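Here the structure comes first, spelled out in structure tokens, and everything after it is commentary.
Read the figures in this text as sums done on the coordinates, not as results from a lab. Fair warning: this is a prediction, and the values are worked out from it, not measured in the lab. Note that each Cβ is placed from the backbone with ideal geometry, even for glycine, and that neighbours are counted across all protein chains shown.
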Amino acid sequence: MIDKILDYQNLDGELIKLEKEFESNENKKQANLMIMFVKNATERTKQLNEEAEKLVKEIAKLQEVELKGISLVEKLSKQDIAKLDDVELKELEQKITGASKNLKELEKRLFGENEKVKRILAEFETTKKKVHIARQKHKEHKKQYDEYVQVAKPKIEKMQKKLKAMEKDLDPELFEKYRELRKDGVFPMIVSLNDKACGGCRTNLPSSTLERIKQNSYIRCENCRRIIYDK
Ligand SMILES: [Zn+2]
């Protein structure tokens, strides 16, 4: 009874190894990372677009205000100074100074906004380049992964078939326990008794449990739940 499931476990161990390789394939990981990168970059590009649109509107508004300011200064400076008295002259001077100050402030803000636009454009360009590289990398990794799958998949399927055929000769109750352990990621599920300890987790077994191995063909480790047989 134990021999058959031990043979099964040997082959199953190879399958587990292949399955793990399959799951943790580096090319698959890299290809997925590249997909993630492109996805994030697309999201960022959308954000940049929105920011740029907002800035363009702000700049247009500022430019409008600037034009109004310029025409006001022009209008003020065209006034016939000779006709003005001291108070009016002083008032005019103050108006012009105020308008110029505002215009300078406006210019500064426009410059700042333009700088922001430049930064957005630069980031847009770098993102575009990075996306291009990521797409290429994705293609390469995907190609290598597909090639790997072509080899690995039939191998795995062949092994699964062979194991399936072996299952009918196994003790159903024992196999059920085996499958539970496999599902929980335990390997090996069946271990030999090592002196008085579990061959899996090396925990010493109580004598009452050891007594039972004489009557049963196997016992369970109380610590790691592995199936223990006496060799
Ligand atoms: Zn154990």
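Using only alpha carbons, region 175-229 has a radius of gyration to Kirkwood radius ratio (Rg to Rh) of 0.95.
Annotation for region 55-155: GluC sites (Glu not before Pro) lying in DSSP loop with at most 10 further Cβ atoms inside 10 Å of their Cβ do not exist. Pairs over the 26 Å Cα-Cα cut-off, from the set Lys46/Lys116; Lys57/Lys95; Lys28/Lys129; Lys57/Lys104; Lys164/Lys196: Lys57/Lys95; Lys164/Lys196.
Per the Debye calculation on the chain with a single equal scatterer at every Cα and no solvent contribution, log₁₀ I(q)/I(0) for q = 0.08, 0.14 Å⁻¹ amounts to -0.62, -0.97.
For region 211-217, backbone phi angles converted through the Karplus equation (6.51, -1.76, 1.60; θ = phi - 60°) give residue-by-residue couplings of 4, 5, 5, 6, 8, 9, 7 Hz, Gly and Pro being listed as x. How high is the FRET efficiency from Val87 to Leu67, r the C-beta distance, R0 30 Å, rounded to 0.05? So, using R0 = 30 Å, E works out to roughly 0.50.
In this structure, Ile96 and Lys54 have a Cβ-Cβ separation that, at R0 = 30 Å, corresponds to a calculated FRET efficiency of about 0.35.
Using the Karplus relation 6.51 cos²θ - 1.76 cosθ + 1.60 with θ = phi - 60°, the per-residue 3J(HN,Hα) values for region 103-113 come to 5, 4, 4, 4, 4, 4, 5, 4, 4, x, 5 Hz, with x marking Gly and Pro.
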